[in-house]
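What follows is a set of notes on a single structure, which appears directly below.
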Amino acid sequence: MASPFGTCRKCDGAGAKLTVNRAGKLKRVKPCRRCKGQGKRLRVGRRLHNHSREVHRAGSR
């Protein structure tokens with residue numbers, strides 16, 4: 001609950017695919033598809049919490 005977000009596993013929190021250009025500098029090629037360029041992901045516990053809240057809310061209407 002204290003930190004519901006973790007770093008994206010695919011881009012390691014960079015938010016994009018990184019390549020090295022000929023000058024030796026890092027260059028962001030395109031945004032990461034998994035995290036949509038945010039560099040963060042929802043942790044499993046937070047996903048479960050959100051889902052349980054959604055189910056409870058739908059059942060109590």
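Things to note:
- Per residue, in Å², the accessible surface of the chain once ligands and nucleic acids are set aside, probe 1.4 Å: 90 Å²
- Value of relative contact order over the chain, rounded to a whole percent, pairs C-alpha under 8 Å and six or more apart: 35 percent
- Candidate residues 47, 41: accessible-area rank, largest first, probe 1.4 Å: 47, 41
- Solvent-accessible area, 1.4 Å probe, carbon plus sulfur percent, for the chain: 51 percent
- Compared with the direct C-alpha span, the chain from residue 61 to residue 10 gains 14.5 nm at full extension, assuming 0.36 nm per residue.
- Helix 44-59 vs. the chain, principal-axis angle (Cα, 0 to 90°, nearest 10): 40 degrees
- Solvent exposure of residue 43, expressed as accessible area, is near 100 Å², computed with a probe of 1.4 Å over the protein chains only.
- Kirkwood Rh and Cα Rg combined as Rg/Rh, the chain: 1.25
- Potential lengthening between residue 54 and residue 42 on full extension [0.36 nm per residue; Cα-Cα distance subtracted]: 2.7 nm
- Label zone at residue 17 (point 7 Å along Cα-to-Cβ), backbone N below 19 Å, segment 31-61: 31-40
The values are calculated or read from the model by the stated rules, or taken from the named source; none is laboratory data. Predicted model, so just to flag it, every value in this text is computed and none were measured. Heads up, the Cβs are rebuilt from the backbone with ideal geometry, glycines too, and the neighbour counts pull from every protein chain shown. Just so you know, the surface numbers come from the protein's heavy atoms only, side chains and all, with ligands and any DNA or RNA stripped out. Shrake-Rupley method; radii C 1.70, N 1.55, O 1.52, S 1.80 Å.
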